[in-house]
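The block underneath contains the structure these notes are about, expressed in structure tokens.
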């Protein structure tokens with residue numbers, strides 16, 4: 001079966017859609033609408049608020065398309081879009097659509113830290129449970145990362 005994956009570029013040169021063509025189905029997925037991408041063996045699942053898409057593709061083909069966006073890779077074979085995360089509580093990541101992803105303790109800890117850094121790039125924000133010294137240290141760290149283009 002012939003399956004092809006095409007990133008479709010917008011007028012400004014940034015990839016806006018992923019076109020998926022297979023023997024039985026074809027479609028176009030807007031990258032900004034993607035909440036979760038999960039690789040399960042050879043099959044890739046792309047989850048948006050409206051629909052789940054499943055097709056055969058390698059995750060390495062998607063990595064260049066996702067670069068420079070709010071996607072984070074907490075574990076191999078899983079990408080989450082921080083733009084759609086509602087909150088991270090315990091070991092669960094809840095998205096605006098109600099979708100929930102559960103991670104292990106180590107993975108959720110790294111993901112929570114990365115999400116905090118992501119949130120600090122978009123003031124105003126509040127550091128409820130931190131002392132002022134720790135809050136200032138985190139803000140400086142984020143400012144330095146942001147200045148480097150991270």
Test result for residue 88, in contact with a strand residue (DSSP E or B) (Cβ under 7 Å, 6 or more places away or on another chain), at pLDDT 90 or above and surrounded by 13 or more Cβ atoms within 10 Å (Cβ to Cβ)
no
Could you check, for the stretch 51-58, whether at least one of its residues is at pLDDT 85 or above and either within 14 Å of the chain's Cα centre (by Cα) or on the phi > 0 side of the Ramachandran plot (or both)?
no
All but one of (1) at pLDDT 90 or above; (2) farther than 23 Å from residue 17 by Cα; (3) surrounded by fewer than 17 Cβ atoms within 10 Å (Cβ to Cβ) hold for residue 111; state the number of the condition that does not hold.
(3)
2 or more residues closer than 21 Å to residue 120 by Cβ: qualifying strands (runs of 3 or more DSSP E) within the stretch 20-93
71-75, 78-81, 85-89
With the first residue restricted to the stretch 114-125 and required to be under 23 Å from residue 75 (Cα atoms), and the second required to be at pLDDT 90 or above, Cβ contacts under 7 Å at 6 or more apart or on different chains are 114/72; 115/82; 115/85; 115/88; 118/70; 118/82
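The values are calculated or read from the model by the stated rules, or taken from the named source; none is laboratory data. Treat the numbers as computed from the prediction; the structure is a model and nothing was measured. With ideal geometry, Cβ positions are generated from the backbone for all residues, glycine too; neighbour counts draw on all protein chains shown.
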